[in-house]
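Only one structure is covered here, and it is reproduced in the block below.
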Amino acid sequence: MPRLGSLEYYIVSDGWMWVDGGSTFGMVPSIIWAELFPPDAQNRVPFALNSLLIRSEGKTILVDTGYGLKLDEKARRRAGLERREGDVVEALDRQGVAVEEIDIVLNTHLHGDHCGGNTIRQGERLMPTFPRAQYWVQRLEWADAIAPNERTRATYLPENYRPLEETGQLQLINGATRITGEVRTAITRGHTRAHQVVILESGGETALFVADMASLHYHLERLAWVPAYDLEPMESIETKRYWQQWALERDALIIFQHDTQIPFGRLKPDGVNFKVEPVLVD
(Lines give C-alpha, C1' and ligand atoms only; values in the text may rest on other atoms or scores of the structure.)
Protein backbone atom coordinates (compact mmCIF):
# COMPACT_ATOMS: atom_id res chain seq x y z
CA MET A 1 0.00 0.00 0.00
CA PRO A 2 1.12 3.59 -0.56
CA ARG A 3 2.00 5.43 2.63
CA LEU A 4 1.41 8.95 3.89
CA GLY A 5 3.56 9.32 6.96
CA SER A 6 2.65 6.35 9.13
CA LEU A 7 -0.77 5.62 7.59
CA GLU A 8 -1.46 3.43 4.58
CA TYR A 9 -4.05 4.05 1.88
CA TYR A 10 -5.13 2.33 -1.29
CA ILE A 11 -7.68 2.89 -4.06
CA VAL A 12 -10.15 0.01 -4.50
CA SER A 13 -12.28 0.09 -7.63
CA ASP A 14 -15.96 -0.69 -8.13
CA GLY A 15 -15.48 -0.33 -11.89
CA TRP A 16 -16.65 2.74 -13.77
CA MET A 17 -19.83 4.35 -15.06
CA TRP A 18 -20.76 6.48 -18.04
CA VAL A 19 -22.24 9.88 -17.16
CA ASP A 20 -23.94 12.41 -19.42
CA GLY A 21 -21.35 15.00 -20.42
CA GLY A 22 -23.79 17.89 -20.34
CA SER A 23 -24.74 17.12 -16.74
CA THR A 24 -21.09 16.67 -15.80
CA PHE A 25 -20.12 20.16 -16.98
CA GLY A 26 -23.34 22.01 -16.31
CA MET A 27 -23.50 25.38 -18.06
CA VAL A 28 -20.14 24.97 -19.81
CA PRO A 29 -20.75 24.67 -23.59
CA SER A 30 -19.86 21.27 -25.02
CA ILE A 31 -17.61 22.89 -27.64
CA ILE A 32 -15.32 23.79 -24.72
CA TRP A 33 -15.39 20.75 -22.46
CA ALA A 34 -15.51 18.14 -25.25
CA GLU A 35 -12.06 19.21 -26.46
CA LEU A 36 -10.65 18.33 -23.04
CA PHE A 37 -12.73 15.24 -22.31
CA PRO A 38 -14.15 13.76 -25.54
CA PRO A 39 -17.52 12.03 -25.00
CA ASP A 40 -18.73 8.82 -26.58
CA ALA A 41 -21.43 8.60 -29.24
CA GLN A 42 -24.13 9.04 -26.57
CA ASN A 43 -22.46 12.20 -25.21
CA ARG A 44 -21.26 10.33 -22.11
CA VAL A 45 -17.93 10.55 -20.30
CA PRO A 46 -16.39 7.84 -18.10
CA PHE A 47 -16.33 8.20 -14.31
CA ALA A 48 -14.18 5.95 -12.14
CA LEU A 49 -15.90 4.40 -9.13
CA ASN A 50 -13.07 4.51 -6.62
CA SER A 51 -13.29 3.91 -2.91
CA LEU A 52 -10.46 4.67 -0.49
CA LEU A 53 -9.08 2.06 1.89
CA ILE A 54 -7.18 3.52 4.86
CA ARG A 55 -5.21 1.82 7.63
CA SER A 56 -4.57 4.24 10.50
CA GLU A 57 -3.79 3.68 14.18
CA GLY A 58 -5.12 0.14 14.16
CA LYS A 59 -8.32 1.03 12.29
CA THR A 60 -9.26 -0.21 8.83
CA ILE A 61 -11.47 2.41 7.18
CA LEU A 62 -13.32 2.24 3.85
CA VAL A 63 -14.47 5.53 2.33
CA ASP A 64 -17.55 4.90 0.14
CA THR A 65 -18.63 1.57 -1.34
CA GLY A 66 -19.57 2.16 -4.99
CA TYR A 67 -22.74 0.79 -6.54
CA GLY A 68 -22.51 -2.68 -5.01
CA LEU A 69 -24.26 -5.72 -6.42
CA LYS A 70 -27.96 -4.96 -5.98
CA LEU A 71 -28.69 -3.23 -9.31
CA ASP A 72 -30.70 -5.18 -11.86
CA GLU A 73 -29.77 -5.21 -15.53
CA LYS A 74 -31.96 -2.22 -16.39
CA ALA A 75 -30.45 -0.12 -13.61
CA ARG A 76 -26.89 -1.14 -14.55
CA ARG A 77 -27.54 -0.17 -18.16
CA ARG A 78 -29.04 3.17 -17.16
CA ALA A 79 -26.03 3.93 -14.95
CA GLY A 80 -23.60 2.83 -17.65
CA LEU A 81 -21.98 0.59 -15.03
CA GLU A 82 -19.08 -1.51 -16.30
CA ARG A 83 -16.71 -3.82 -14.45
CA ARG A 84 -13.82 -5.98 -15.53
CA GLU A 85 -12.64 -7.21 -12.14
CA GLY A 86 -15.73 -7.22 -9.96
CA ASP A 87 -16.98 -4.88 -7.26
CA VAL A 88 -15.38 -3.24 -4.23
CA VAL A 89 -15.54 -6.43 -2.15
CA GLU A 90 -13.57 -8.33 -4.79
CA ALA A 91 -11.10 -5.43 -5.03
CA LEU A 92 -10.59 -5.59 -1.27
CA ASP A 93 -10.13 -9.34 -1.45
CA ARG A 94 -7.35 -8.88 -4.00
CA GLN A 95 -5.59 -6.74 -1.42
CA GLY A 96 -6.03 -9.45 1.20
CA VAL A 97 -8.73 -7.53 3.09
CA ALA A 98 -11.84 -9.46 4.15
CA VAL A 99 -15.17 -7.73 4.72
CA GLU A 100 -14.93 -8.66 8.41
CA GLU A 101 -11.76 -6.56 8.74
CA ILE A 102 -13.43 -3.23 7.96
CA ASP A 103 -13.94 -1.28 11.19
CA ILE A 104 -15.50 1.88 9.75
CA VAL A 105 -17.33 2.61 6.49
CA LEU A 106 -17.41 6.35 5.95
CA ASN A 107 -19.94 7.59 3.40
CA THR A 108 -19.05 10.95 1.88
CA HIS A 109 -22.75 11.22 1.03
CA LEU A 110 -25.62 8.84 0.30
CA HIS A 111 -25.96 8.96 -3.49
CA GLY A 112 -26.26 5.51 -5.03
CA ASP A 113 -22.82 5.40 -6.64
CA HIS A 114 -21.20 6.11 -3.27
CA CYS A 115 -23.16 3.90 -0.90
CA GLY A 116 -24.79 1.16 -2.97
CA GLY A 117 -22.21 -1.31 -1.72
CA ASN A 118 -23.15 -0.60 1.91
CA THR A 119 -25.62 -3.47 1.78
CA ILE A 120 -26.00 -6.81 0.07
CA ARG A 121 -28.90 -9.19 -0.54
CA GLN A 122 -28.90 -12.38 1.49
CA GLY A 123 -31.95 -14.32 0.34
CA GLU A 124 -34.94 -12.08 0.93
CA ARG A 125 -33.08 -9.80 3.34
CA LEU A 126 -30.82 -6.80 2.90
CA MET A 127 -27.82 -6.92 5.22
CA PRO A 128 -24.73 -4.76 5.76
CA THR A 129 -21.94 -5.86 3.45
CA PHE A 130 -19.37 -5.27 6.20
CA PRO A 131 -20.69 -7.14 9.23
CA ARG A 132 -18.42 -5.64 11.89
CA ALA A 133 -18.26 -2.09 10.60
CA GLN A 134 -19.83 1.03 11.96
CA TYR A 135 -21.17 3.12 9.08
CA TRP A 136 -20.49 6.83 9.63
CA VAL A 137 -22.92 9.23 7.92
CA GLN A 138 -23.49 12.94 8.41
CA ARG A 139 -26.74 13.54 10.32
CA LEU A 140 -27.96 16.19 7.86
CA GLU A 141 -27.17 13.90 4.92
CA TRP A 142 -29.20 11.17 6.61
CA ALA A 143 -32.12 13.58 7.08
CA ASP A 144 -32.05 14.51 3.39
CA ALA A 145 -31.78 10.86 2.34
CA ILE A 146 -34.72 9.57 4.37
CA ALA A 147 -36.97 12.43 3.20
CA PRO A 148 -35.93 13.03 -0.44
CA ASN A 149 -37.63 15.48 -2.75
CA GLU A 150 -38.59 15.22 -6.40
CA ARG A 151 -35.05 15.98 -7.54
CA THR A 152 -33.19 13.69 -5.16
CA ARG A 153 -35.35 10.59 -4.72
CA ALA A 154 -33.87 8.85 -7.79
CA THR A 155 -30.45 8.68 -6.13
CA TYR A 156 -31.37 8.41 -2.44
CA LEU A 157 -32.34 4.74 -2.30
CA PRO A 158 -33.38 3.40 1.13
CA GLU A 159 -32.05 -0.09 0.45
CA ASN A 160 -28.54 1.35 0.54
CA TYR A 161 -28.72 2.72 4.09
CA ARG A 162 -31.92 1.85 5.99
CA PRO A 163 -30.73 -1.68 6.89
CA LEU A 164 -27.78 -0.12 8.77
CA GLU A 165 -30.20 1.47 11.20
CA GLU A 166 -31.98 -1.83 11.75
CA THR A 167 -28.76 -3.69 12.64
CA GLY A 168 -27.47 -0.92 14.90
CA GLN A 169 -24.45 -0.25 12.69
CA LEU A 170 -25.39 3.31 11.72
CA GLN A 171 -23.42 6.09 13.41
CA LEU A 172 -24.61 9.62 12.69
CA ILE A 173 -21.98 12.35 12.98
CA ASN A 174 -22.36 16.12 13.13
CA GLY A 175 -20.05 18.25 11.04
CA ALA A 176 -16.28 17.96 10.93
CA THR A 177 -15.30 14.73 12.69
CA ARG A 178 -12.00 13.14 13.67
CA ILE A 179 -11.82 9.41 12.95
CA THR A 180 -8.23 8.81 14.09
CA GLY A 181 -5.38 11.15 14.93
CA GLU A 182 -4.47 11.02 11.24
CA VAL A 183 -7.87 10.97 9.53
CA ARG A 184 -10.69 13.49 9.74
CA THR A 185 -13.67 14.74 7.75
CA ALA A 186 -14.83 18.21 6.78
CA ILE A 187 -18.15 19.43 5.39
CA THR A 188 -17.99 20.67 1.78
CA ARG A 189 -21.47 21.93 1.05
CA GLY A 190 -22.66 22.18 -2.55
CA HIS A 191 -23.05 18.77 -4.13
CA THR A 192 -25.36 18.02 -1.21
CA ARG A 193 -25.98 20.05 1.95
CA ALA A 194 -23.77 17.78 4.06
CA HIS A 195 -21.30 16.34 1.58
CA GLN A 196 -17.98 15.60 3.31
CA VAL A 197 -14.38 15.17 2.21
CA VAL A 198 -11.73 13.09 3.95
CA ILE A 199 -8.41 14.56 5.07
CA LEU A 200 -5.30 12.45 5.72
CA GLU A 201 -2.50 14.05 7.77
CA SER A 202 0.58 12.16 8.90
CA GLY A 203 4.33 12.71 9.06
CA GLY A 204 4.02 16.29 7.87
CA GLU A 205 2.18 15.22 4.70
CA THR A 206 -1.42 15.93 3.71
CA ALA A 207 -3.87 14.27 1.32
CA LEU A 208 -7.43 15.24 0.44
CA PHE A 209 -10.04 12.80 -0.87
CA VAL A 210 -12.41 15.22 -2.59
CA ALA A 211 -15.30 12.86 -3.55
CA ASP A 212 -17.98 14.92 -5.35
CA MET A 213 -16.77 18.31 -4.18
CA ALA A 214 -14.84 18.01 -7.47
CA SER A 215 -15.83 14.93 -9.44
CA LEU A 216 -13.07 15.61 -12.00
CA HIS A 217 -9.92 17.69 -11.81
CA TYR A 218 -11.50 20.20 -14.20
CA HIS A 219 -14.07 21.05 -11.54
CA LEU A 220 -11.37 21.90 -9.00
CA GLU A 221 -9.33 23.94 -11.47
CA ARG A 222 -12.21 26.21 -12.49
CA LEU A 223 -14.68 27.63 -9.97
CA ALA A 224 -17.41 28.22 -12.56
CA TRP A 225 -17.40 24.64 -13.82
CA VAL A 226 -20.17 23.21 -11.66
CA PRO A 227 -22.01 19.99 -12.55
CA ALA A 228 -25.75 20.11 -13.08
CA TYR A 229 -26.18 17.53 -10.34
CA ASP A 230 -24.77 19.79 -7.60
CA LEU A 231 -27.83 20.71 -5.55
CA GLU A 232 -26.42 24.06 -4.44
CA PRO A 233 -24.26 25.40 -7.28
CA MET A 234 -23.33 28.71 -5.66
CA GLU A 235 -22.33 26.90 -2.48
CA SER A 236 -20.18 24.62 -4.65
CA ILE A 237 -18.30 27.62 -6.01
CA GLU A 238 -17.57 29.07 -2.57
CA THR A 239 -16.63 25.66 -1.20
CA LYS A 240 -14.14 25.10 -4.01
CA ARG A 241 -12.73 28.62 -3.56
CA TYR A 242 -11.85 27.81 0.06
CA TRP A 243 -10.44 24.33 -0.64
CA GLN A 244 -8.34 25.51 -3.58
CA GLN A 245 -6.40 27.75 -1.20
CA TRP A 246 -6.35 25.09 1.51
CA ALA A 247 -4.81 22.50 -0.83
CA LEU A 248 -2.36 25.01 -2.29
CA GLU A 249 -1.07 26.14 1.12
CA ARG A 250 -0.43 22.56 2.21
CA ASP A 251 0.79 21.21 -1.14
CA ALA A 252 -1.81 18.50 -0.51
CA LEU A 253 -2.02 15.33 -2.55
CA ILE A 254 -5.52 15.41 -4.06
CA ILE A 255 -7.27 12.09 -4.57
CA PHE A 256 -10.10 12.22 -7.12
CA GLN A 257 -12.82 9.62 -6.74
CA HIS A 258 -14.24 9.75 -10.27
CA ASP A 259 -11.42 11.04 -12.44
CA THR A 260 -10.16 8.57 -15.06
CA GLN A 261 -7.52 11.00 -16.36
CA ILE A 262 -5.89 12.28 -13.15
CA PRO A 263 -6.69 10.12 -10.11
CA PHE A 264 -3.93 11.79 -8.04
CA GLY A 265 -2.68 15.34 -8.40
CA ARG A 266 -1.47 18.55 -6.81
CA LEU A 267 -3.03 21.95 -7.37
CA LYS A 268 -0.81 24.68 -8.81
CA PRO A 269 -1.51 28.33 -9.75
CA ASP A 270 -2.15 28.89 -13.46
CA GLY A 271 -2.91 32.54 -14.19
CA VAL A 272 -6.36 33.43 -12.88
CA ASN A 273 -7.22 29.75 -12.50
CA PHE A 274 -5.46 26.70 -11.15
CA LYS A 275 -4.06 23.58 -12.74
CA VAL A 276 -3.92 20.07 -11.35
CA GLU A 277 -0.60 18.43 -12.06
CA PRO A 278 -0.72 14.61 -12.16
CA VAL A 279 1.11 12.69 -9.43
CA LEU A 280 2.19 9.10 -9.93
CA VAL A 281 1.27 6.97 -6.93
CA ASP A 282 2.37 3.34 -6.86
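The values are calculated or read from the model by the stated rules, or taken from the named source; none is laboratory data. What you are looking at is a predicted structure, and each value in this text was computed from that prediction instead of being measured. Note: ideal-geometry Cβ built from the backbone for every residue, glycine included; neighbour counts use all protein chains shown.
Mind checking which residues of region 136-165 are under 17 Å from T108 (Cα atoms) and of a type in the set (G, A, S)?
If the condition is that a residue be under 17 Å from T108 (Cα atoms) and of a type in the set (G, A, S), then A143, A145 are the ones that fit.
On the given criteria, is G26 within 20 Å of the chain's Cα centre (by Cα), under 17 Å from R77 (Cα atoms) and not aliphatic (A, V, I, L, M)?
No: the conditions fail for G26.
For the condition closer than 21 Å to E159 by Cβ, exposed (fewer than 13 other Cβ atoms within 10 Å of the Cβ), more than 16 Å from the chain's Cα centre (by Cα) and of a type outside the set (A, V, I, L, M, F, W, C), what is the one hit in R77, R94, R84?
Going through R77, R94, R84 in turn, the sole match is R77.
Could you tell me which numbered condition A154 fails, if it satisfies all but one of (1) over 27 Å from I237 (Cα atoms); (2) at pLDDT below 95; (3) among the hydrophobic types (A, V, I, L, M, F, W, C)?
Condition (1) is where A154 drops out.
Considering only residues that are within 19 Å of F25 (Cβ to Cβ) and under 14 Å from the mean Cα position of the chain (by Cα), look in region 203-218 and name the one that is surrounded by the most Cβ atoms within 10 Å (Cβ to Cβ).
A214
I'd like the full set of residues that are touching a helix residue (DSSP H, G or I) at 6+ places or on another chain (Cβ under 8 Å) and crowded, with 21+ Cβ neighbours inside 10 Å, limited to region 167-200.
T188, G190, H191, T192, A194, H195, Q196, V197, V198
A quick yes/no check of all residues on (1) touching a residue at least 60 places away in the same chain (Cβ under 8 Å); (2) of a type in the set (D, E, K, R); (3) at positive phi:
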{"residue": "R125", "(1), (2), (3)": "no, yes, no"}
{"residue": "Q138", "(1), (2), (3)": "no, no, no"}
{"residue": "R153", "(1), (2), (3)": "no, yes, no"}
{"residue": "V183", "(1), (2), (3)": "yes, no, no"}
{"residue": "R189", "(1), (2), (3)": "no, yes, no"}
{"residue": "I199", "(1), (2), (3)": "no, no, no"}
{"residue": "F209", "(1), (2), (3)": "yes, no, no"}
{"residue": "V226", "(1), (2), (3)": "yes, no, no"}
{"residue": "E238", "(1), (2), (3)": "no, yes, no"}
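Against the conditions (1) out of contact with any Asp or Glu (no Cβ under 7 Å at 6 or more places or on another chain); (2) touching a residue at least 12 places away in the same chain (Cβ under 8 Å), where does L69 fall short? Just the number, please.
(1)
Can you tell me how many residues in region 259-278 are under 26 Å from E8 (Cβ atoms) and touching a Pro at 6+ places or on another chain (Cβ under 9 Å)?
Of the residues in region 259-278, 8 are under 26 Å from E8 (Cβ atoms) and touching a Pro at 6+ places or on another chain (Cβ under 9 Å).
So, in region 232-256, how many residues would count as being closer than 23 Å to S30 by Cα and either under 16 Å from the mean Cα position of the chain (by Cα) or of a type in the set (V, I, T) (or both)?
Residues that pass the stated criteria total 4.
Take the residues in region 224-245 that are aromatic (F, W, Y) and surrounded by 16 or more Cβ atoms within 10 Å (Cβ to Cβ), then tell me which one is farthest from R189 (Cα to Cα).
W225
Are any of the residues in region 51-59 surrounded by 17 or more Cβ atoms within 10 Å (Cβ to Cβ), among the acidic types (D, E) and either in contact with a helix residue (DSSP H, G or I) (Cβ under 9 Å, 6 or more places away or on another chain) or touching a residue at least 60 places away in the same chain (Cβ under 8 Å) (or both)?
Checked region 51-59: no residue is surrounded by 17 or more Cβ atoms within 10 Å (Cβ to Cβ), among the acidic types (D, E) and either in contact with a helix residue (DSSP H, G or I) (Cβ under 9 Å, 6 or more places away or on another chain) or touching a residue at least 60 places away in the same chain (Cβ under 8 Å) (or both).
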